[in-house]
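**Q** Okay, handing you the structure first.
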Amino acid sequence: MLEFTLVEAHPDSSWALEAYHELDVAHTLEVFGEDLTMSVDRVRNYLLSQESGLHGLLLAVAGTVPASERLGRFGLPPAPEQPVPVLGAAQFTLPTADNQHLVDDLFLTVAATSRRRGVGTALLDQVCRIAEVSGRDTVLTWSEHLLAPATAALPQLTAPTGSGSVPVDGNVRFLQAKGFELAQVERQSRLVLPTPSGLLERLHAEAEAVAGRDYQVVSWRGEVPEEHLDAVAKLYQAMSSDAPVGDIDFRTENWDAERVREHDRRLLLTGDLIQTIALSRASGEVAGLTVLFVPEASPERPEQYTTVVLESHRGHRLGLWIKSANLKLMEDGFPQARYIDTWNADENGHMLAINTALGYRPHGATGGWQRRLG
Ligand SMILES: CC(C)(COP(=O)(O)OP(=O)(O)OC[C@H]1O[C@@H](n2cnc3c(N)ncnc32)[C@H](O)[C@@H]1OP(=O)(O)O)[C@@H](O)C(=O)NCCC(=O)NCCS
């Protein structure tokens, strides 16, 4: 029998965070054939952040650990002071600003050599216990799949929306065995950089020709300027209510200026932000927003975050305009960037059309899985 103990990895346990990072590297190599992880510093920074939720990291460590009087906030002992082999991990978020019915963004991973021996089950059971004692009734997790001949050859499971599917691989079988249901499929698309010469300028000009009389775009690097904080908070809130979520029980988020400020400042600790908004010339209202993040540790793969246009301003090519402007700013500032991955609901035709025009191509599928507790 495999002997292991579940502990909580605190952000100050460097060896534990490094061991978790190694597991994560192995996972992304297994699924995608490349390292797509966040740096250890980013994981630490993420675990420390509390702007809208508590972030937990549980580890399954080999053997037993001495009883500790110092049980952590989830009722588990801390990771031992000296390194021990790590067999598996569960990272998750308990939202506190909204969506307090959820355990969000659960990511479970078990070392390939320790699978099918109950580690994943033990970690998940702990997460469900923590969910229940924290008053949460739904656990949300994601399964990742590369578009490749090997995954295409497997049976496919279609999203309840009817749009998008995931291959039924070992991870999917685990989630099904544990009572999770597929609630949505996101398409992972990749834009290979640099973009063809002149493409962004052409798309920018086309969009400006349609919208330029009524709108202007404003871009910057770094955090949202003070005068736009309230408006940007409104856009983040709109993103949470307007983007299609399939059967996922996401509820509208609560954003205010302070949350936007903290969100940006946290990200800026480990990278750079590039942001573009569209402003209505008539009212001065902020109509749309798009955000790119360039991690300091991996500037070759910038990350696309929120893109949203307020409902009352849709249909003027603002999405294409702000995205092409933001990408141009990023390419000019970070010539080492090699590609950007982005995730969109497979049923989100408008967003996907903009991304396709910019050169994004399907790269993977991500299943959104939900388990109701109780
Ligand atoms: C999914 C994962 C976490 C499962 O961890 P694990 O420790 O192997 O899981 P368990 O041993 O507790 O398995 C419990 C049950 O799930 C099912 N299961 C797990 N892996 C399976 C597989 N590859 N094929 C079919 N069924 C599987 C089985 O019913 C299993 O019970 P059994 O071994 O008695 O038949 C692990 O395979 C992994 O780390 N995958 C990569 C990370 C990932 O993609 N996670 C996705 C979820 S967030």
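The values are calculated or read from the model by the stated rules, or taken from the named source; none is laboratory data. The model shown is predicted, which means the values in this text are computed figures rather than measured ones. Here the Cβ is made from the backbone with ideal geometry for all residues, glycine too, and neighbour counts use every protein chain on show. In case anyone asks, the SASA skips ligands and DNA or RNA and just uses the protein heavy atoms, side chains included. Shrake-Rupley method; radii C 1.70, N 1.55, O 1.52, S 1.80 Å.
**Q** Relative contact order (percent) for the chain, with alpha-carbon contacts under 8 angstrom and 6 or more residues of separation?
**A** Relative contact order here is 19 percent.
**Q** Compute from the Cα atoms of region 245-295 the Rg and the Dmax, the latter being the longest Cα-Cα distance, and quote both in angstrom.
**A** 14.2, 38
**Q** Right, next: So what is the 222 nm mean residue ellipticity for the chain from helices alone, if each DSSP H run of at least 4 adds -39500 (n - 2.57) and you divide by all residues, rounding to the nearest 500 deg cm²/dmol? Present the calculation step by step, with values, prior to reporting the outcome.
**A** Numbers: 10 runs with 120 residues, N = 374.
Helix-only estimate at 222 nm: -10000 deg cm²/dmol.
**Q** So what does the Cα-only Debye profile of region 169-250 read at q = 0.13 Å⁻¹, as log10 I(q)/I(0), no solvent term?
**A** -0.83
**Q** Related question: Any idea how far apart LEU268 and ALA26 come out in nm if each label point goes 7 Å out from Cα toward Cβ?
**A** Placing both labels 7 Å beyond Cα along the Cβ direction yields 3.8 nm.
**Q** Which value, in Å², gives the accessible area per residue of region 4-136 when a 1.4 Å probe is used on the protein heavy atoms?
**A** Heavy-atom accessible area per residue stands at 43 Å².
**Q** In debye to the nearest 20, how big a dipole does region 310-374 give about its Cα centre with +1 on each Lys and Arg Cβ and -1 on each Asp and Glu Cβ?
**A** 100 debye
**Q** Once neighbouring chains are kept in place and the probe is 1.4 Å, which whole percent of the accessible area of the chain is contributed by carbon and sulfur?
**A** 51 percent
**Q** Moving on. Assuming 1.002 mPa s and 20 °C, estimate D for region 194-337 with Stokes-Einstein, Rh taken as the Kirkwood radius over Cα pairs, in µm²/s. It would help to have the intermediate numbers written out before the result.
**A** Details: Rh = 15.7 Å.
Answer from the Stokes-Einstein relation: 136 µm²/s.
**Q** Can you give the Rg to Rh ratio for region 83-209, taking only C-alpha atoms and Rh from Kirkwood?
**A** 1.10
**Q** Quick one: dipole size for the chain, taken about the Cα centre, charges +1 on Lys/Arg Cβ and -1 on Asp/Glu Cβ, in debye to the nearest 20.
**A** Values: 32 positive and 50 negative charges, 140 e Å.
So the dipole magnitude of the chain works out to roughly 680 debye.
**Q** Using only Cα atoms, locate the centre of region 275-311 and the centre of region 206-272, then give the distance between them in Å, rounded to an integer.
**A** Spelled out, the Cα-based centre of one part sits 6 Å from the other.
**Q** From the C-alpha coordinates alone, can you work out the Kirkwood hydrodynamic radius of region 1-160, in Å?
**A** Working: mean 1/r = 0.0601 Å⁻¹.
So the Kirkwood estimate lands at 16.7 Å.
**Q** Further question on the same structure: Report the extension gain between ASP214 and ASP332 in nm, rounded to one decimal, defined as 0.36 nm multiplied by the number of residues separating them, less their alpha carbon distance.
**A** 39.8 nm is the gain from fully extending ASP214 to ASP332.
**Q** Please quote Rg/Rh for region 32-85 to two decimal places, taking the Kirkwood radius as Rh and restricting both calculations to Cα atoms.
**A** Ratio value, two decimals: 1.03.
**Q** If you rank GLU311, GLU3, GLU253, GLU69 by how much accessible surface each has, with a 1.4 Å probe, what is the order from largest down?
**A** Per-residue accessible area, sorted high to low, gives GLU69, GLU311, GLU3, GLU253.
**Q** Let me ask something else. Among ALA159, GLN126, PRO149, whose Cα sits farthest toward the positive end of the charge dipole of the chain (+1 at Cβ of Lys/Arg, -1 at Cβ of Asp/Glu, about the Cα centre)?
**A** After comparing all options, I get PRO149.
**Q** A further question follows. For q values of 0.07, 0.08, 0.15 Å⁻¹, compute log₁₀ I(q)/I(0) with the Debye formula on a Cα-only model of the chain, without solvent.
**A** Computed log10 I(q)/I(0) values: -0.32, -0.42, -1.48.
**Q** Which of ILE274, TYR215, PRO225 sits closest to the plus end of the dipole of region 194-337, meaning its Cα is farthest towards the positive end, when Lys and Arg get +1 and Asp and Glu get -1 on the C-beta?
**A** TYR215
**Q** Report the charge-dipole magnitude of region 43-176 in Debye, nearest 20, computed about the Cα centre from +1 at each Lys and Arg Cβ and -1 at each Asp and Glu Cβ. Let's see the in-between values first.
**A** On the way: 9 positive and 11 negative charges, 86 e Å.
Computed about the Cα centre, the dipole is about 420 debye.
**Q** Among LEU235, ASN344, VAL7, whose Cα projects farthest towards the positive end of the dipole of the chain, with charges put on the beta-carbon of Lys, Arg (+1) and Asp, Glu (-1)?
**A** Farthest along the dipole direction, towards plus: ASN344.
**Q** What ranking, highest mean first, results for peptides 137-143, 211-217 when packing means the other Cβ atoms within 10 Å averaged over each residue? Present the calculation step by step, with values, prior to reporting the outcome.
**A** Details: 137-143: 20.0, 211-217: 17.9.
Packing order, densest peptide first, comes out as 137-143, 211-217.
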